[in-house]
Every structure is written in C-alpha cells, then in structure tokens.
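What follows is a single structure, written as structure tokens, with notes after it.
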Amino acid sequence: MRKSQALKLYLELEKNLESFASEIKKRGFIKFGEGSYKVTYSKNKLNYVIKLCSSVNDEFSHVPQLIKNFYIPPYFCDEQIVIQQKANTNKVIAQRAYFKIKQKIGIPACESLDINCRNCGEINKKPVVFDFCELRGFDEVDERCLENMKKKDLTRRRS
Ligand SMILES: Nc1ncnc2c1ncn2[C@@H]1O[C@H](COP(=O)(O)OP(=O)(O)O)[C@@H](O)[C@H]1O
Ligand SMILES: [Mg+2]
C-alpha cells in the first residue's frame with residue numbers, strides 16, 4: 001500500500017480511527033514505535049509510517065525556524081493521524097542524529113522543543129526530527145538560539 005492509498009483508505013472509512021487501525025493491521029502493519037501520545041505503525045519494506053494519536057494531535061502547529069532543516073513535514077496530518085516518511089530509528093543511529101541536531105541548535109532549544117533521541121532518526125544519513133513539542137518559554141529561546149546558530153556558522157566559515 002502506498003501512502004496515498006493509506007490516506008484514501010482513511011478517508012473512505014470516514015476517518016473512523018478504529019476501523020482504520022484494524023484495516024491497516026489486516027494489511028500487515030505492525031506496531032513500530034510508541035510515544036506518550038502516538039502509536040506508530042509500519043511495515044518492513046515501507047518508507048512511511050502511520051501514527052495514530054491517542055489525544056488530539058497538534059502537529060499542524062507551525063514548525064519553528066530553528067528545526068525547519070531537520071523536521072520531516074508529514075505527508076498528511078489531521079487531529080487523529082499522521083502519515084510521515086519513515087526514519088531509521090535504530091538506537092545508535094537515533095542517538096547520533098540527536099547528537100548532531102543538538103550540536104547545531106543547542107541544548108536549550110532541544111529542551112524547549114522536546115527534541116531527544118526518541119524523536120530523532122536519520123533519512124539517507126541525514127539527521128531528522130519527526131516529532132517535537134513546544135514546551136514552556138520557547139519563543140524566547142528560539143530567538144536566542146537562532147542568533148547563536150548564525151554566529152557559530154560564521155565562525156565555522158571563517159576558520
Ligand atoms: N517518521 C518516523 N520514522 C520512524 N519512526 C517513527 C517516526 N515517527 C514516529 N516514530 C516512532 O514512534 C514513536 C512515537 O512517535 P512520536 O511521533 O514521537 O509520537 P509521540 O507524540 O507519542 O512522542 C517514536 O518515538 C518513534 O519510535
Ligand atoms: Mg515523540
């Protein structure tokens with residue numbers, strides 16, 4: 001099943017989450033990961049995941065500038081499900097990805113955006129973030145971190 005077909009199925013089932021969950025399981029999707037809010041399903045050979053949300057999904061909230069280069073924008077997303085490209089989340093790889101992102105945006109930004117190794121992975125060797133959440137005081141951190149990031153890039157280019 002291609003991701004467009006998964007979306008079609010969801011719409012045909014009139015967005016009934018229970019029916020959708022049971023239909024994708026019938027098609028061989030298995031639980032692939034689980035966070036505090038979402039259960040992620042996929043199949044070995046597929047290059048995408050389907051996430052079912054246990055509470056209202058707020059993933060449409062704007063993506064902070066700071067992580068624009070890392071975030072995988074969902075192919076489809078509403079208040080119940082997310083269809084998104086699959087990242088490699090093998091433990092070592094997720095840690096490596098998180099480390100690279102942390103180096104780039106800094107620890108305060110990671111903390112205020114809930115970026116940790118459970119929300120990071122790699123696609124084609126590139127570190128990515130597939131989930132984030134704006135925690136307290138983010139706006140202020142965003143400004144400061146962007147500034148720092150620009151400065152770092154400048155020093156790197158000079159040296
Ligand atoms: N795009 C993805 N590629 C690979 N694994 C994913 C992807 N999105 C989520 N997962 C897996 O599912 C888990 C839960 O998804 P996540 O989007 O982090 O939801 P939550 O809001 O519950 O934290 C992740 O920790 C990860 O193991
Ligand atoms: Mg998560």
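Where a number appears in this text, it was derived from the coordinates with a stated rule and is not lab data. Everything quoted here is computed from the prediction, not taken from an experiment. Methodologically, a virtual Cβ is constructed for each residue, glycine included, from the backbone with ideal geometry; neighbour enumeration extends over all protein chains shown.
Numbers for the structure displayed
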quantity: Amide H contacts under 5 Å for K86, placed H, 5+ residues apart; calculated: Y48, V49
quantity: Estimated vicinal HN-Hα couplings, Hz - the stretch 62-75 in sequence order (Karplus 6.51, -1.76, 1.60; Gly, Pro = x); calculated: 4, 8, x, 3, 4, 10, 3, 6, 10, 6, 8, x, x, 5
quantity: Amide proton proximity set for K15, modelled H, under 5 Å, gap of 5+; calculated: none
quantity: Antiparallel DSSP beta bridges within the stretch 3-154, as percent of all bridges there, nearest 5; calculated: 95
quantity: Nonlocal amide H pairs with E34, under 5 Å, H built at 1.01 Å; calculated: T40
quantity: Inter-label distance for E134 and K43, nm, one decimal - labels placed 7 Å from Cα along Cα-to-Cβ; calculated: 3.7
quantity: Per-residue [θ]222 nm for the chain (sum of -39500 (n - 2.57) over DSSP H runs n ≥ 4, rounded to 500); calculated: -12000 deg cm²/dmol
quantity: Sequence ranges 114-122, 7-15, ranked by mean other-Cβ count within 10 angstrom, highest first; calculated: 114-122, 7-15
quantity: Potential extension, K26-V56 segment - 0.36 nm per residue separation minus Cα distance; calculated: 8.3 nm
quantity: Nearest 10 degrees, 0 to 90: helix 138-158 Cα axis against the chain principal axis; calculated: 60
quantity: Straight-distance crosslink candidates among lysines, where the alpha carbon sits under 17 Å from K152 and sequence neighbours closer than 8 are dropped; calculated: K100, K102, K104
quantity: Selection from L13, N47, Q84, by position along the positive dipole direction of the chain (Cβ); calculated: N47
quantity: Over the stretch 1-121, relative contact order from alpha-carbon pairs under 8 Å, at least 6 apart, %; calculated: 17
quantity: Translational D in µm²/s for the chain (Stokes-Einstein at 20 °C, 1.002 mPa s, Kirkwood Rh from C-alpha pairs); calculated: 128
quantity: Where labels lie 7 Å past Cα in the beta-carbon direction, separation of R2 and L17 in nm; calculated: 2.9
quantity: Qualifying chymotrypsin sites (Phe, Trp or Tyr not before Pro) for the stretch 44-104 [loop in DSSP, other Cβ within 10 Å: at most 13]; calculated: F60
quantity: Whole-Hz ³J(HN,Hα) from phi, Karplus 6.51 cos²θ - 1.76 cosθ + 1.60, for the stretch 99-116, glycine and proline x; calculated: 4, 5, 5, 4, 4, 6, 9, x, 5, x, 5, 4, 5, 7, 10, 6, 9, 8
quantity: Spatially proximal lysines relative to K45 (Cα-Cα < 24 Å; intrachain offsets below 8 disregarded); calculated: K3, K8, K25, K26, K31, K86, K91, K125, K126
